[in-house]
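Below is one structure; the comments refer to it alone.
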Amino acid sequence: MRYPEKIENGISAKRKAQGLLFDSMLRQLRAEIMGLPDRRTGKNLTYSMEDIGPGAFSVFFTQSPSFLSFQKTMQMNTGKNNADTIFGIEKIPCDNHIRSILDEVCPSDLYSMFPYIVNAMDEAEYPDSFRIINDNILIALDGTQYFSSDKIHCDNCSVKNHKNGKKTYSHSAVTPVILKPGKNKVIPLDPEFITPQDGHQKQDCENAAAKRWLCQYGLQYKGLNGIILGDDLYSRQPLCEIILKEGFHFISVCKPDSHKTLYEWLADFDKMGAISTKEIRRQTGKRTETDTYRYFNHVPLRDSDDAIEVNWCEQTTTLADGAVIYQNSFVTDLEITEDNVIEIAKAGRARWKIENENNNVLKTKGYNLEHNFGHGKKHLSSTLLTLNLLSFAFHTVLEITDKKYRILREALPARKTFFDDLRALTRYICFENWNDLLNFMLRGLEIENIDSG
Ligand SMILES: [Zn+2]
């Protein structure tokens, strides 16, 4: 796998064992932020970029919009604060200052953190546990809207013009994630923002953003052996061609309405009895469900001389009385066999996890993706979203690779409880560092047998 040159040693096993993964990730984030162009002049220079970036990040990481103001109060009362000890922020910037500075920062300047995070997982040999179908990793692409307003807007808003003259401004992004059927964690990768120049209809925009993402990151993530998962939008020939050209495989939803030629071919082959079938009966509680898989290899994707050949499969789940409770069909470049048809359908179906585990978690479980943290005139909205995604990625990495963090998260009843506690503790107590905070929580919960340090 290729990483940007500045990502050197990754994270050594020793540092991981000492529970210092958080510190090394944060150090990397600071290094990224220090490398950002600083377009400030005159009196704006009171705070360093090193304080502004981690300042914004700390708010998302602690999921506490008031984190910085609490730490300012603590500093005034006690002479020390957690923004400094945990996040290394020497001088706490105010929210307005952070917003005005980050508005100038292009979100893509922060993207090299994402491969760094995948690298951290790689060292923990974690992506291997995501491997499926001949050692490949599933990468789901999906567009999500995270901002919409009739009034607030910036240079990078998408604009919808209504017949009555009103306008709706919005921001959306393709947010790719690594996932696996049956795993409740997803690993976010670099987002690609859907920007106005890409067109006016959402689908055109998402399509173009997905193409940009594939062309830009194909090489970077090639080592993962990725299979791109997408909805019906991703099973059109131009996108499939780019996916293949960039070295990925694909499994995408393929609806009859949008693939008329392909389904005409399939109907003909069906009449000839050429479609293979596999049936599996399962017991779910008291009821019996039957999964019927039908598949056929080498069928043209569209009606043109240069149509690429794809392999098609369909899963239909029925109850004993014949009622259909699930049906979906997929196309892929992978040869479908009796041995892998179930796995391929399962992978195609896992795409919904990007909505469930990623987009919904980001929107509803503390990250408040749709909350307007500040919009700015240029990049603020997208840069804040990127920092929010990075904090989600940090949490995921910690949950996977940091023993103390994982034990704490498992010991507490809900994600919310952990962050409620984090908010309250950091408001009242100054900890020496992140590790000290975790140790305090572990002791409080009377959890023993954690490695010292
Ligand atoms: Zn905007």
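The values are calculated or read from the model by the stated rules, or taken from the named source; none is laboratory data. These figures come from a predicted structure and were not determined experimentally. All Cβ positions, even for glycine, are placed from backbone atoms using ideal geometry, and neighbour counts span all protein chains on display.
Tabulated data
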item: Residue tally, condition under 20 Å from the mean Cα position of the chain (by Cα), in a helix (DSSP H, G or I) and acidic (Asp, Glu), over the stretch 379-424; result: 1
item: Any hit, the stretch 327-341, residues being modelled with pLDDT of 95 or more, in a helix (DSSP H, G or I) and β-branched (Val, Ile, Thr); result: yes
item: Verdict on Tyr116 being under 18 Å from His375 (Cβ atoms) and in contact (Cβ under 8 Å) with a residue 60 or more places away in the chain; result: no
item: Conditions (1) surrounded by 15 or more Cβ atoms within 10 Å (Cβ to Cβ); (2) farther than 19 Å from Lys346 by Cα; (3) more than 14 Å from the ligand (Cβ to nearest atom); number of the one not met by Thr195; result: (3)
item: The stretch 135-183 - residue that is in a loop (DSSP other than H, G, I, E, B) and among the polar types (S, T, N, Q) and, of those, nearest to the ligand (Cβ to nearest atom); result: Asn156
item: Condition check for Cys205: in a helix (DSSP H, G or I) and within 16 Å of the ligand (Cβ to nearest atom); result: yes
item: Selection status of Phe61, within 25 Å of Asp421 (Cβ to Cβ), under 20 Å from the mean Cα position of the chain (by Cα) and in a helix (DSSP H, G or I); result: yes
item: Failed item, numbered, when Gly230 is tested on (1) touching a Lys or Arg at 6+ places or on another chain (Cβ under 6 Å); (2) at pLDDT below 95; (3) under 18 Å from Glu343 (Cα atoms); result: (1)
item: Residue pairs meeting the criteria (Cβ under 6 Å; at least 6 apart or on separate chains; first over 15 Å from Val177 (Cα atoms) and modelled with pLDDT of 90 or more, in the stretch 377-400; second of a type in the set (Gly, Ala, Ser) and within 16 Å of the ligand (Cβ to nearest atom)); result: Leu380/Gly374
item: Flag if Thr290 is surrounded by 14 or more Cβ atoms within 10 Å (Cβ to Cβ) and at pLDDT 95 or above; result: yes
item: Candidates Ile227, Ile242, filtered to the one that is under 17 Å from the mean Cα position of the chain (by Cα) and of a type outside the set (Ser, Thr, Tyr); result: Ile227
item: Some residue of the stretch 75-86 being surrounded by fewer than 19 Cβ atoms within 10 Å (Cβ to Cβ), under 20 Å from Phe418 (Cβ atoms) and in contact (Cβ under 8 Å) with a residue 24 or more places away in the chain; result: yes
item: Among the candidates Tyr263, Tyr234, residue that is touching a residue at least 24 places away in the same chain (Cβ under 8 Å) and either among the aromatic types (Phe, Trp, Tyr) or surrounded by fewer than 18 Cβ atoms within 10 Å (Cβ to Cβ) (or both); result: Tyr234
item: Filter pass, Val186 being in contact with a helix residue (DSSP H, G or I) (Cβ under 6 Å, 6 or more places away or on another chain), farther than 23 Å from Lys255 by Cβ and away from the ligand (no atom under 16 Å from the Cβ); result: yes
item: Residue in the stretch 79-95 that is part of a helix (DSSP H, G or I) and basic (Lys, Arg) present; result: no
